[in-house]
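First comes the structure, then the notes that go with it.
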Amino acid sequence: MVIDILVNGLVAGGIYAVLAVGFSLIFGVARIVNMAHTAFYMLTAYFIFVGTTMLNIPLVASLILAIILITIIGLICFKLFFDRVKQHETTVMIISVALAMLFQEILFLVFGGHYTGIPPLAKGFVDIASIRVSYQHIFAIVTTGLILLGLWLLLSKTGLGKAIRAVSQDREIANLMGINVNQIFLIVMGISVALAGLAGAVIAPIYMVSPLMWIQPLTIVLASVVLGGLGSVGGCVVGALILGYTEIIVTFLVPGGASLRGAVSMSIMVVVLLVRPEGLFGVAFEEERL
Amino acid sequence: MQLKVDNLTVLYDRAMVLNKVGLVVEEGEMVSLVGPNGAGKTTLLRAVAGLVKWEKESLKGTVGGKITLKGEVEFGRENISRLRAHEIVRRGLVLCPERGRPFREMNVRENLEVGAHLCTDKGAIEESLQKVFQLFPVLEKRQNQISGTISGGERTMLAIGRCLMAQAKFLLIDEPSVGLAPLVKEHLFDRIKDVHGMGITILLTEQDISFAFDLATRHYVLSQGQMMAQGSAEELLADEVVRQSYLGL
(Lines give C-alpha, C1' and ligand atoms only; values in the text may rest on other atoms or scores of the structure.)
Protein backbone atom coordinates (compact mmCIF):
# COMPACT_ATOMS: atom_id res chain seq x y z
CA MET A 1 0.00 0.00 0.00
CA VAL A 2 2.70 2.49 0.98
CA ILE A 3 4.70 1.69 -2.14
CA ASP A 4 1.53 1.91 -4.23
CA ILE A 5 0.79 5.34 -2.86
CA LEU A 6 4.38 6.49 -3.28
CA VAL A 7 4.60 5.34 -6.90
CA ASN A 8 1.16 6.43 -8.04
CA GLY A 9 1.49 9.74 -6.22
CA LEU A 10 4.75 10.41 -7.99
CA VAL A 11 3.22 9.60 -11.36
CA ALA A 12 0.16 11.80 -10.80
CA GLY A 13 2.14 14.58 -9.11
CA GLY A 14 4.87 14.44 -11.76
CA ILE A 15 2.42 14.74 -14.63
CA TYR A 16 0.56 17.58 -12.93
CA ALA A 17 3.91 19.23 -12.27
CA VAL A 18 4.95 19.07 -15.94
CA LEU A 19 1.55 20.46 -16.94
CA ALA A 20 1.58 23.16 -14.27
CA VAL A 21 5.11 24.28 -15.13
CA GLY A 22 4.15 24.79 -18.77
CA PHE A 23 1.02 26.69 -17.78
CA SER A 24 2.91 28.80 -15.28
CA LEU A 25 5.71 29.60 -17.76
CA ILE A 26 3.53 31.15 -20.44
CA PHE A 27 1.51 32.93 -17.78
CA GLY A 28 4.59 34.31 -16.05
CA VAL A 29 6.30 35.43 -19.24
CA ALA A 30 3.44 36.66 -21.44
CA ARG A 31 0.60 36.93 -18.87
CA ILE A 32 -1.38 34.51 -21.01
CA VAL A 33 -3.83 32.40 -18.98
CA ASN A 34 -3.99 29.49 -21.37
CA MET A 35 -7.04 27.43 -20.41
CA ALA A 36 -6.42 25.31 -23.51
CA HIS A 37 -3.15 24.10 -21.99
CA THR A 38 -4.47 20.69 -21.00
CA ALA A 39 -6.42 20.48 -24.26
CA PHE A 40 -3.03 20.38 -25.97
CA TYR A 41 -2.15 17.52 -23.64
CA MET A 42 -5.34 15.74 -24.66
CA LEU A 43 -4.70 16.31 -28.37
CA THR A 44 -1.24 14.77 -28.00
CA ALA A 45 -2.76 11.65 -26.45
CA TYR A 46 -5.13 11.40 -29.42
CA PHE A 47 -2.35 11.94 -31.93
CA ILE A 48 -0.48 9.03 -30.37
CA PHE A 49 -3.64 6.96 -30.44
CA VAL A 50 -4.15 7.70 -34.13
CA GLY A 51 -0.48 7.09 -34.91
CA THR A 52 -0.23 3.75 -33.17
CA THR A 53 -3.66 2.18 -33.76
CA MET A 54 -4.77 3.67 -37.07
CA LEU A 55 -1.61 4.48 -39.00
CA ASN A 56 0.49 1.69 -37.50
CA ILE A 57 3.43 3.98 -36.82
CA PRO A 58 5.76 2.53 -34.17
CA LEU A 59 5.00 3.87 -30.70
CA VAL A 60 8.24 5.78 -30.16
CA ALA A 61 7.93 7.47 -33.56
CA SER A 62 4.27 8.32 -32.80
CA LEU A 63 5.29 9.92 -29.50
CA ILE A 64 7.92 12.10 -31.13
CA LEU A 65 5.69 13.02 -34.09
CA ALA A 66 2.80 13.85 -31.77
CA ILE A 67 4.92 16.20 -29.67
CA ILE A 68 6.31 17.96 -32.73
CA LEU A 69 2.83 18.26 -34.23
CA ILE A 70 1.27 19.66 -31.04
CA THR A 71 4.06 22.22 -30.68
CA ILE A 72 3.39 23.44 -34.21
CA ILE A 73 -0.37 23.57 -33.55
CA GLY A 74 0.28 25.44 -30.30
CA LEU A 75 2.42 28.03 -32.06
CA ILE A 76 -0.20 28.47 -34.80
CA CYS A 77 -2.90 28.97 -32.13
CA PHE A 78 -0.66 31.50 -30.41
CA LYS A 79 -0.12 33.47 -33.61
CA LEU A 80 -3.75 33.27 -34.75
CA PHE A 81 -5.65 33.75 -31.49
CA PHE A 82 -3.43 34.94 -28.63
CA ASP A 83 -0.79 37.19 -30.12
CA ARG A 84 -3.03 39.94 -31.46
CA VAL A 85 -5.15 40.28 -28.32
CA LYS A 86 -2.53 39.49 -25.68
CA GLN A 87 -2.78 42.97 -24.11
CA HIS A 88 -6.33 42.06 -23.03
CA GLU A 89 -5.69 39.31 -20.51
CA THR A 90 -9.32 38.36 -19.96
CA THR A 91 -9.99 38.13 -23.69
CA VAL A 92 -7.05 35.77 -24.07
CA MET A 93 -8.40 33.59 -21.28
CA ILE A 94 -11.87 33.39 -22.81
CA ILE A 95 -10.47 32.67 -26.27
CA SER A 96 -8.42 29.86 -24.80
CA VAL A 97 -11.51 28.32 -23.18
CA ALA A 98 -13.24 28.50 -26.57
CA LEU A 99 -10.25 26.84 -28.18
CA ALA A 100 -10.30 23.99 -25.66
CA MET A 101 -14.03 23.47 -26.26
CA LEU A 102 -13.39 23.46 -29.99
CA PHE A 103 -10.78 20.72 -29.63
CA GLN A 104 -13.10 18.74 -27.37
CA GLU A 105 -15.98 18.92 -29.85
CA ILE A 106 -13.77 18.00 -32.79
CA LEU A 107 -12.57 14.93 -30.88
CA PHE A 108 -16.17 14.00 -30.02
CA LEU A 109 -17.12 14.23 -33.69
CA VAL A 110 -14.16 12.25 -34.95
CA PHE A 111 -13.69 9.62 -32.25
CA GLY A 112 -16.97 9.60 -30.34
CA GLY A 113 -17.23 9.88 -26.59
CA HIS A 114 -15.91 6.47 -25.55
CA TYR A 115 -12.73 5.82 -23.69
CA THR A 116 -9.76 4.51 -25.60
CA GLY A 117 -6.33 3.34 -24.56
CA ILE A 118 -2.82 3.26 -25.90
CA PRO A 119 -0.40 0.35 -25.50
CA PRO A 120 2.37 1.03 -22.96
CA LEU A 121 5.82 1.99 -24.18
CA ALA A 122 7.46 -0.36 -21.70
CA LYS A 123 5.58 -3.60 -21.07
CA GLY A 124 6.04 -5.67 -17.94
CA PHE A 125 6.66 -4.81 -14.34
CA VAL A 126 9.16 -5.08 -11.58
CA ASP A 127 8.61 -6.23 -8.01
CA ILE A 128 9.50 -3.63 -5.41
CA ALA A 129 8.96 -4.90 -1.86
CA SER A 130 6.50 -7.46 -3.23
CA ILE A 131 4.45 -4.76 -4.97
CA ARG A 132 4.19 -4.88 -8.73
CA VAL A 133 5.22 -1.62 -10.35
CA SER A 134 4.83 -1.49 -14.10
CA TYR A 135 7.70 -0.28 -16.23
CA GLN A 136 5.38 2.32 -17.69
CA HIS A 137 4.98 3.89 -14.24
CA ILE A 138 8.72 3.89 -13.70
CA PHE A 139 9.18 5.34 -17.17
CA ALA A 140 6.64 8.08 -16.36
CA ILE A 141 8.40 8.99 -13.11
CA VAL A 142 11.88 9.06 -14.66
CA THR A 143 10.71 11.05 -17.69
CA THR A 144 8.85 13.68 -15.69
CA GLY A 145 11.86 13.99 -13.38
CA LEU A 146 14.19 14.48 -16.34
CA ILE A 147 11.85 17.01 -17.97
CA LEU A 148 11.67 19.09 -14.80
CA LEU A 149 15.43 18.88 -14.28
CA GLY A 150 16.05 19.89 -17.89
CA LEU A 151 13.71 22.83 -17.58
CA TRP A 152 15.37 23.96 -14.36
CA LEU A 153 18.77 23.82 -16.06
CA LEU A 154 17.44 25.74 -19.05
CA LEU A 155 15.97 28.50 -16.91
CA SER A 156 18.80 28.89 -14.44
CA LYS A 157 21.93 28.17 -16.44
CA THR A 158 21.48 29.25 -20.05
CA GLY A 159 21.36 32.66 -21.68
CA LEU A 160 17.93 31.87 -23.11
CA GLY A 161 16.69 30.96 -19.63
CA LYS A 162 17.93 34.23 -18.21
CA ALA A 163 16.26 36.11 -21.05
CA ILE A 164 12.99 34.27 -20.34
CA ARG A 165 13.18 35.16 -16.64
CA ALA A 166 14.10 38.73 -17.48
CA VAL A 167 11.02 39.10 -19.70
CA SER A 168 8.79 37.62 -17.00
CA GLN A 169 10.09 40.09 -14.40
CA ASP A 170 10.15 43.29 -16.45
CA ARG A 171 9.33 43.20 -20.14
CA GLU A 172 10.25 46.77 -20.78
CA ILE A 173 13.72 46.52 -19.26
CA ALA A 174 14.29 43.17 -20.98
CA ASN A 175 13.50 44.96 -24.23
CA LEU A 176 16.03 47.65 -23.29
CA MET A 177 18.72 45.01 -22.82
CA GLY A 178 18.32 43.87 -26.40
CA ILE A 179 15.96 40.96 -25.78
CA ASN A 180 13.37 40.49 -28.51
CA VAL A 181 10.32 40.13 -26.27
CA ASN A 182 7.95 38.88 -28.96
CA GLN A 183 10.43 36.21 -29.94
CA ILE A 184 10.70 35.11 -26.31
CA PHE A 185 6.89 34.88 -26.11
CA LEU A 186 6.91 32.59 -29.12
CA ILE A 187 9.72 30.42 -27.74
CA VAL A 188 8.04 30.11 -24.34
CA MET A 189 4.70 29.24 -25.97
CA GLY A 190 6.55 26.52 -27.88
CA ILE A 191 8.17 25.19 -24.69
CA SER A 192 4.87 25.37 -22.81
CA VAL A 193 2.91 23.42 -25.43
CA ALA A 194 5.75 20.94 -25.88
CA LEU A 195 5.63 20.30 -22.12
CA ALA A 196 1.87 19.69 -22.32
CA GLY A 197 2.59 17.33 -25.22
CA LEU A 198 5.27 15.49 -23.26
CA ALA A 199 2.89 15.08 -20.34
CA GLY A 200 0.27 13.70 -22.71
CA ALA A 201 2.77 11.31 -24.26
CA VAL A 202 3.88 9.99 -20.88
CA ILE A 203 0.38 9.64 -19.44
CA ALA A 204 -1.59 8.39 -22.45
CA PRO A 205 -0.58 4.74 -21.93
CA ILE A 206 -1.46 4.88 -18.19
CA TYR A 207 -4.73 6.80 -18.08
CA MET A 208 -7.79 6.56 -20.25
CA VAL A 209 -8.00 8.73 -23.33
CA SER A 210 -11.27 10.60 -23.87
CA PRO A 211 -12.44 13.98 -25.23
CA LEU A 212 -13.12 15.16 -21.68
CA MET A 213 -9.72 14.28 -20.24
CA TRP A 214 -8.57 17.93 -20.30
CA ILE A 215 -10.96 19.23 -17.65
CA GLN A 216 -9.84 17.44 -14.49
CA PRO A 217 -6.11 18.09 -14.99
CA LEU A 218 -6.87 21.73 -15.84
CA THR A 219 -8.51 22.20 -12.44
CA ILE A 220 -5.52 20.61 -10.74
CA VAL A 221 -3.08 22.71 -12.80
CA LEU A 222 -4.86 25.94 -11.87
CA ALA A 223 -4.92 24.83 -8.24
CA SER A 224 -1.19 23.90 -8.24
CA VAL A 225 -0.28 27.22 -9.74
CA VAL A 226 -2.08 29.29 -7.11
CA LEU A 227 -1.10 26.87 -4.36
CA GLY A 228 2.60 27.13 -5.24
CA GLY A 229 2.45 30.87 -5.75
CA LEU A 230 1.54 32.59 -8.98
CA GLY A 231 4.59 33.04 -11.18
CA SER A 232 6.84 30.73 -9.18
CA VAL A 233 7.85 27.81 -11.40
CA GLY A 234 9.38 25.87 -8.49
CA GLY A 235 6.32 26.59 -6.37
CA CYS A 236 3.91 25.07 -8.86
CA VAL A 237 5.96 21.86 -8.93
CA VAL A 238 5.54 21.56 -5.16
CA GLY A 239 1.86 22.47 -5.48
CA ALA A 240 1.36 19.80 -8.15
CA LEU A 241 3.11 17.14 -6.05
CA ILE A 242 0.98 18.00 -3.01
CA LEU A 243 -2.23 17.76 -5.03
CA GLY A 244 -1.10 14.62 -6.86
CA TYR A 245 -0.34 12.87 -3.58
CA THR A 246 -3.57 14.09 -2.00
CA GLU A 247 -5.55 12.53 -4.84
CA ILE A 248 -3.80 9.21 -4.59
CA ILE A 249 -3.94 9.06 -0.80
CA VAL A 250 -7.67 9.84 -0.82
CA THR A 251 -8.27 7.26 -3.55
CA PHE A 252 -6.38 4.55 -1.65
CA LEU A 253 -7.36 5.23 1.94
CA VAL A 254 -10.87 6.65 1.88
CA PRO A 255 -13.68 4.29 0.93
CA GLY A 256 -15.24 5.57 -2.28
CA GLY A 257 -12.34 8.06 -2.40
CA ALA A 258 -12.05 8.09 -6.18
CA SER A 259 -15.02 10.42 -6.44
CA LEU A 260 -13.85 12.54 -3.52
CA ARG A 261 -10.26 13.15 -4.64
CA GLY A 262 -11.01 16.37 -6.52
CA ALA A 263 -12.94 17.85 -3.63
CA VAL A 264 -10.20 17.09 -1.12
CA SER A 265 -7.45 18.57 -3.33
CA MET A 266 -9.44 21.73 -3.86
CA SER A 267 -10.16 22.04 -0.13
CA ILE A 268 -6.45 21.84 0.59
CA MET A 269 -5.85 24.62 -1.89
CA VAL A 270 -8.53 26.80 -0.32
CA VAL A 271 -7.16 26.27 3.19
CA VAL A 272 -3.58 27.06 2.16
CA LEU A 273 -4.69 30.22 0.37
CA LEU A 274 -6.67 31.34 3.41
CA VAL A 275 -3.56 31.03 5.56
CA ARG A 276 -1.07 32.27 2.96
CA PRO A 277 -2.81 34.28 0.24
CA GLU A 278 0.35 34.63 -1.87
CA GLY A 279 0.70 30.82 -2.12
CA LEU A 280 3.44 28.66 -0.66
CA PHE A 281 6.33 30.17 -2.61
CA GLY A 282 4.79 33.34 -3.94
CA VAL A 283 7.24 36.21 -4.03
CA ALA A 284 5.65 39.31 -2.64
CA PHE A 285 7.97 42.17 -3.51
CA GLU A 286 6.34 45.44 -2.72
CA GLU A 287 5.35 47.18 -5.90
CA GLU A 288 7.43 50.27 -6.26
CA ARG A 289 5.90 53.54 -7.33
CA LEU A 290 7.67 54.96 -10.33
CA MET B 1 28.52 58.66 -32.42
CA GLN B 2 26.26 61.63 -32.74
CA LEU B 3 22.66 61.60 -31.58
CA LYS B 4 20.25 63.92 -33.34
CA VAL B 5 16.60 64.32 -32.40
CA ASP B 6 14.45 66.30 -34.77
CA ASN B 7 10.86 67.51 -34.44
CA LEU B 8 9.98 64.83 -31.92
CA THR B 9 6.31 64.94 -30.98
CA VAL B 10 4.61 62.56 -28.57
CA LEU B 11 0.95 62.56 -27.58
CA TYR B 12 -0.54 60.19 -25.04
CA ASP B 13 -4.11 60.10 -26.24
CA ARG B 14 -4.76 63.87 -26.48
CA ALA B 15 -2.18 64.98 -23.93
CA MET B 16 0.81 66.60 -25.60
CA VAL B 17 3.94 65.33 -23.85
CA LEU B 18 6.57 66.47 -26.33
CA ASN B 19 6.01 69.20 -28.88
CA LYS B 20 8.45 69.30 -31.82
CA VAL B 21 11.50 68.82 -29.67
CA GLY B 22 14.99 68.70 -31.12
CA LEU B 23 18.45 68.20 -29.68
CA VAL B 24 21.95 67.19 -30.76
CA VAL B 25 24.58 65.39 -28.71
CA GLU B 26 28.02 65.07 -30.29
CA GLU B 27 30.26 62.07 -29.75
CA GLY B 28 32.16 62.26 -26.46
CA GLU B 29 29.92 64.91 -24.90
CA MET B 30 28.07 64.78 -21.60
CA VAL B 31 24.81 66.65 -21.97
CA SER B 32 22.00 67.10 -19.49
CA LEU B 33 18.30 67.60 -19.96
CA VAL B 34 16.80 69.59 -17.11
CA GLY B 35 13.35 70.83 -16.33
CA PRO B 36 10.53 70.51 -13.83
CA ASN B 37 8.47 67.44 -13.09
CA GLY B 38 6.26 66.45 -16.01
CA ALA B 39 8.31 68.36 -18.57
CA GLY B 40 8.68 65.28 -20.78
CA LYS B 41 12.31 64.43 -20.01
CA THR B 42 11.69 60.75 -19.42
CA THR B 43 9.42 60.48 -22.45
CA LEU B 44 12.14 62.02 -24.61
CA LEU B 45 14.66 59.39 -23.51
CA ARG B 46 12.07 56.62 -23.88
CA ALA B 47 11.21 57.79 -27.38
CA VAL B 48 14.88 57.83 -28.40
CA ALA B 49 15.39 54.32 -27.00
CA GLY B 50 12.37 53.02 -28.93
CA LEU B 51 10.25 52.36 -25.86
CA VAL B 52 7.43 54.74 -26.77
CA LYS B 53 7.02 52.94 -30.07
CA TRP B 54 7.11 49.61 -28.27
CA GLU B 55 4.53 50.80 -25.75
CA LYS B 56 2.30 51.93 -28.57
CA GLU B 57 2.51 48.57 -30.32
CA SER B 58 2.20 46.34 -27.30
CA LEU B 59 -0.76 48.25 -25.88
CA LYS B 60 -2.58 48.54 -29.19
CA GLY B 61 -6.33 48.52 -28.69
CA THR B 62 -6.19 49.79 -25.12
CA VAL B 63 -6.36 53.33 -23.76
CA GLY B 64 -2.65 53.22 -22.93
CA GLY B 65 -1.84 52.46 -26.54
CA LYS B 66 -3.36 55.64 -27.99
CA ILE B 67 -0.01 57.22 -28.63
CA THR B 68 1.03 59.53 -31.43
CA LEU B 69 4.73 59.46 -32.19
CA LYS B 70 6.25 61.71 -34.83
CA GLY B 71 9.70 63.03 -35.64
CA GLU B 72 13.10 61.64 -36.52
CA VAL B 73 15.89 60.25 -34.38
CA GLU B 74 19.31 59.80 -35.93
CA PHE B 75 22.15 57.92 -34.28
CA GLY B 76 25.52 57.96 -35.99
CA ARG B 77 23.95 59.16 -39.25
CA GLU B 78 21.49 56.27 -39.22
CA ASN B 79 17.78 56.95 -38.85
CA ILE B 80 16.70 54.84 -35.89
CA SER B 81 13.15 56.11 -35.47
CA ARG B 82 11.72 53.05 -37.22
CA LEU B 83 13.85 50.56 -35.29
CA ARG B 84 12.55 48.45 -32.42
CA ALA B 85 13.93 48.97 -28.93
CA HIS B 86 15.96 45.76 -28.91
CA GLU B 87 17.52 46.69 -32.25
CA ILE B 88 18.54 50.11 -31.00
CA VAL B 89 20.48 48.54 -28.11
CA ARG B 90 22.49 46.57 -30.65
CA ARG B 91 23.79 49.86 -32.03
CA GLY B 92 25.24 50.85 -28.66
CA LEU B 93 22.55 53.32 -27.61
CA VAL B 94 21.31 52.12 -24.20
CA LEU B 95 18.82 53.61 -21.74
CA CYS B 96 19.41 53.37 -18.00
CA PRO B 97 15.94 53.76 -16.44
CA GLU B 98 14.94 55.81 -13.42
CA ARG B 99 15.58 54.04 -10.09
CA GLY B 100 17.54 51.38 -11.92
CA ARG B 101 14.71 48.88 -12.19
CA PRO B 102 16.74 45.71 -11.70
CA PHE B 103 15.22 42.31 -12.46
CA ARG B 104 14.25 41.96 -8.83
CA GLU B 105 14.07 38.20 -8.47
CA MET B 106 17.50 37.69 -10.01
CA ASN B 107 20.75 38.20 -8.20
CA VAL B 108 23.08 41.06 -9.04
CA ARG B 109 25.38 38.95 -11.19
CA GLU B 110 22.50 37.52 -13.24
CA ASN B 111 21.21 41.03 -13.82
CA LEU B 112 24.57 41.98 -15.27
CA GLU B 113 24.63 38.83 -17.40
CA VAL B 114 21.23 39.70 -18.87
CA GLY B 115 22.79 43.03 -19.85
CA ALA B 116 25.25 41.07 -21.96
CA HIS B 117 22.38 39.27 -23.72
CA LEU B 118 23.50 40.35 -27.17
CA CYS B 119 27.10 39.30 -26.60
CA THR B 120 27.86 35.65 -27.33
CA ASP B 121 31.58 35.71 -26.57
CA LYS B 122 32.09 34.36 -23.04
CA GLY B 123 35.55 35.90 -22.70
CA ALA B 124 34.24 39.34 -23.62
CA ILE B 125 31.37 39.01 -21.12
CA GLU B 126 33.79 38.12 -18.32
CA GLU B 127 35.99 41.06 -19.31
CA SER B 128 33.13 43.58 -19.15
CA LEU B 129 31.98 42.03 -15.88
CA GLN B 130 35.39 42.69 -14.35
CA LYS B 131 35.28 46.23 -15.72
CA VAL B 132 31.91 46.83 -14.07
CA PHE B 133 33.13 45.34 -10.77
CA GLN B 134 36.16 47.58 -10.91
CA LEU B 135 33.95 50.63 -11.40
CA PHE B 136 31.42 49.55 -8.75
CA PRO B 137 33.20 47.30 -6.22
CA VAL B 138 29.99 47.14 -4.18
CA LEU B 139 28.33 45.15 -6.98
CA GLU B 140 31.03 42.51 -6.73
CA LYS B 141 30.37 42.22 -2.99
CA ARG B 142 26.64 41.93 -3.64
CA GLN B 143 26.86 39.72 -6.71
CA ASN B 144 24.95 36.80 -5.17
CA GLN B 145 22.32 38.95 -3.48
CA ILE B 146 18.79 39.07 -4.88
CA SER B 147 18.61 42.49 -6.48
CA GLY B 148 15.15 43.24 -5.08
CA THR B 149 16.90 43.67 -1.73
CA ILE B 150 19.76 46.06 -2.57
CA SER B 151 19.70 49.76 -1.78
CA GLY B 152 18.56 52.55 -4.09
CA GLY B 153 22.09 53.72 -4.88
CA GLU B 154 23.19 50.18 -5.61
CA ARG B 155 20.24 49.72 -7.93
CA THR B 156 21.25 52.72 -9.98
CA MET B 157 24.85 51.48 -10.08
CA LEU B 158 23.60 48.03 -11.11
CA ALA B 159 21.54 49.59 -13.89
CA ILE B 160 24.52 51.56 -15.20
CA GLY B 161 26.64 48.41 -14.95
CA ARG B 162 23.99 46.49 -16.88
CA CYS B 163 24.14 49.09 -19.66
CA LEU B 164 27.94 48.79 -19.76
CA MET B 165 27.53 45.02 -20.11
CA ALA B 166 25.40 45.76 -23.18
CA GLN B 167 28.51 47.43 -24.70
CA ALA B 168 26.93 50.87 -24.56
CA LYS B 169 28.70 53.55 -26.57
CA PHE B 170 26.02 56.09 -25.82
CA LEU B 171 24.23 56.11 -22.48
CA LEU B 172 20.87 57.71 -21.77
CA ILE B 173 20.58 58.01 -17.99
CA ASP B 174 17.18 58.89 -16.55
CA GLU B 175 17.27 60.78 -13.24
CA PRO B 176 20.38 59.15 -11.75
CA SER B 177 20.26 61.13 -8.51
CA VAL B 178 16.60 60.77 -7.67
CA GLY B 179 15.88 59.63 -4.12
CA LEU B 180 19.51 59.15 -3.11
CA ALA B 181 21.23 60.29 0.08
CA PRO B 182 23.76 63.12 -0.42
CA LEU B 183 26.81 60.90 0.08
CA VAL B 184 25.55 58.24 -2.33
CA LYS B 185 24.71 60.98 -4.80
CA GLU B 186 28.26 62.28 -4.63
CA HIS B 187 29.67 58.79 -5.16
CA LEU B 188 27.39 58.26 -8.16
CA PHE B 189 28.41 61.66 -9.53
CA ASP B 190 32.05 60.53 -9.63
CA ARG B 191 31.16 57.17 -11.15
CA ILE B 192 29.19 58.81 -13.98
CA LYS B 193 32.26 60.94 -14.62
CA ASP B 194 34.32 57.72 -14.75
CA VAL B 195 31.90 56.18 -17.26
CA HIS B 196 32.18 59.31 -19.39
CA GLY B 197 35.96 59.02 -19.04
CA MET B 198 35.73 55.54 -20.59
CA GLY B 199 34.77 57.25 -23.85
CA ILE B 200 31.02 56.82 -23.49
CA THR B 201 28.81 59.69 -24.61
CA ILE B 202 26.12 60.54 -22.07
CA LEU B 203 22.74 62.26 -22.18
CA LEU B 204 21.13 62.43 -18.76
CA THR B 205 17.98 63.93 -17.34
CA GLU B 206 17.97 65.58 -13.93
CA GLN B 207 15.66 67.42 -11.61
CA ASP B 208 18.53 68.43 -9.41
CA ILE B 209 19.85 71.40 -11.38
CA SER B 210 23.13 71.73 -9.51
CA PHE B 211 23.90 68.02 -9.96
CA ALA B 212 23.30 68.39 -13.70
CA PHE B 213 25.20 71.65 -14.04
CA ASP B 214 28.27 70.31 -12.22
CA LEU B 215 28.29 67.07 -14.17
CA ALA B 216 27.48 67.91 -17.79
CA THR B 217 29.06 70.49 -20.05
CA ARG B 218 25.98 71.47 -22.02
CA HIS B 219 22.33 71.56 -21.03
CA TYR B 220 18.89 71.58 -22.57
CA VAL B 221 15.95 73.06 -20.68
CA LEU B 222 12.65 71.31 -21.28
CA SER B 223 9.34 72.57 -19.94
CA GLN B 224 5.82 71.38 -20.71
CA GLY B 225 7.04 69.39 -23.68
CA GLN B 226 8.91 72.23 -25.31
CA MET B 227 12.59 72.97 -25.58
CA MET B 228 12.99 76.35 -23.91
CA ALA B 229 16.71 76.97 -23.94
CA GLN B 230 20.09 75.38 -24.30
CA GLY B 231 23.67 76.22 -23.54
CA SER B 232 26.35 76.02 -20.89
CA ALA B 233 25.51 76.47 -17.21
CA GLU B 234 26.87 80.05 -17.29
CA GLU B 235 24.78 80.98 -20.31
CA LEU B 236 21.60 79.58 -18.83
CA LEU B 237 22.18 81.21 -15.45
CA ALA B 238 22.90 84.52 -17.13
CA ASP B 239 19.49 84.47 -18.80
CA GLU B 240 17.11 85.98 -16.27
CA VAL B 241 13.93 84.49 -17.83
CA VAL B 242 15.31 80.96 -18.04
CA ARG B 243 16.76 81.16 -14.56
CA GLN B 244 13.54 82.27 -12.93
CA SER B 245 10.89 80.49 -14.98
CA TYR B 246 12.44 77.10 -15.61
CA LEU B 247 15.35 76.58 -13.27
CA GLY B 248 13.75 78.10 -10.21
CA LEU B 249 17.06 79.58 -9.08
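Key figures for this structure:
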{"quantity": "Overall dimensions of region A:118-250 as given by Cα atoms, namely Rg and Dmax in Å", "calculated": "17.7, 59"}
{"quantity": "Region A:2-213, relative contact order in percent, only Cα pairs under 8 angstrom and at least six apart counted", "calculated": "40 percent"}
{"quantity": "For residues of A:82-91, the mean tally of beta carbons on other chains within 10 Å", "calculated": "2"}
{"quantity": "Cross-link table B:Lys20/B:Lys41; A:Lys162/B:Lys122; A:Lys86/A:Lys162; A:Lys86/B:Lys56; A:Lys157/B:Lys122, entries beyond 18 Å C-alpha to C-alpha", "calculated": "A:Lys86/A:Lys162"}
{"quantity": "Viscosity 1.567 mPa s, 4 °C: Kirkwood-radius Stokes-Einstein D of chain B over Cα pairs, µm²/s", "calculated": "70 µm²/s"}
{"quantity": "For region B:134-216, alpha-carbon Rg over 2.2 N^0.38 Å", "calculated": "1.05"}
{"quantity": "Percent of Cα-Cα distances greater than 26 Å, calculated over chain A", "calculated": "44 percent"}
{"quantity": "Semi-axis lengths, Å, region B:84-186, gyration tensor of Cα atoms, sqrt of 5 times eigenvalues", "calculated": "21, 16, 12"}
{"quantity": "Cut-off 13 Å (backbone N to label point 7 Å along Cα→Cβ of B:Glu235), residues of region B:163-195", "calculated": "none"}
{"quantity": "Stokes-Einstein translational diffusion, region B:1-147 - Kirkwood Rh over all Cα pairs, 0.692 mPa s, 37 °C, in µm²/s", "calculated": "190 µm²/s"}
{"quantity": "Relative contact order %, region B:3-245, counting alpha carbon pairs below 8 Å whose residues are six or more apart", "calculated": "28 percent"}
{"quantity": "Debye log10 I(q)/I(0) at q = 0.11, 0.24 Å⁻¹ for region A:40-129, Cα point scatterers", "calculated": "-0.43, -1.20"}
{"quantity": "Structure-based [θ]222 nm, chain B - -39500 (n - 2.57) summed over DSSP H runs of at least 4, per residue, nearest 500", "calculated": "-10500 deg cm²/dmol"}
{"quantity": "Shielding score for A:163-175, defined as the mean number of other chain Cβ atoms within 10 Å", "calculated": "6"}
{"quantity": "Spatially proximal lysines relative to B:Lys193 (Cα-Cα < 18 Å; intrachain offsets below 8 disregarded)", "calculated": "B:Lys131, B:Lys169, B:Lys185"}
{"quantity": "Chain A - mean residue ellipticity at 222 nm from DSSP helices (-39,500 (n - 2.57) per run, n ≥ 4, rounded to 500)", "calculated": "-23000 deg cm²/dmol"}
{"quantity": "Distance in nm between pseudo-label sites at B:Glu126 and A:His114 (7 Å out along the Cβ direction from Cα)", "calculated": "6.5 nm"}
{"quantity": "12 Å tail of the calculated P(r), region A:1-47, as % of Cα pairs", "calculated": "67 percent"}
{"quantity": "Peptides ranked, highest mean first, by Cβ atoms within 10 Å: ranges B:104-112, A:35-43", "calculated": "A:35-43, B:104-112"}
{"quantity": "Cβ-derived FRET efficiency at R0 30 Å, B:Arg243 paired with B:Gln143, nearest 0.05", "calculated": "0.10"}
{"quantity": "Sorted largest first, extent of region A:124-202 alpha carbons per principal axis (Å)", "calculated": "59, 21, 15"}
{"quantity": "Cα-based Rg / Dmax (Å) for region A:198-290", "calculated": "15.3, 56"}
{"quantity": "Peptide B:162-169, shielding by other chains (average Cβ, 10 Å cutoff)", "calculated": "1"}
{"quantity": "Principal semi-axes in Å for the protein assembly as shown [√(5λ), Cα gyration tensor, largest first]", "calculated": "53, 24, 20"}
{"quantity": "Solvent-accessible area buried by A and B, counting both chains, probe 1.4 angstrom, square angstrom", "calculated": "2900 Å²"}
{"quantity": "Accessible area in square angstrom per residue, the protein assembly as shown, 1.4 angstrom probe", "calculated": "44 Å²"}
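The values are calculated or read from the model by the stated rules, or taken from the named source; none is laboratory data. These figures come from a predicted structure and were not determined experimentally. Please note: Cβ atoms are built from the backbone with ideal geometry, for glycine as well, and neighbour counts cover all protein chains shown. Accessible surface areas use protein heavy atoms only, side chains included; no ligands, DNA or RNA. Shrake-Rupley method; radii C 1.70, N 1.55, O 1.52, S 1.80 Å.
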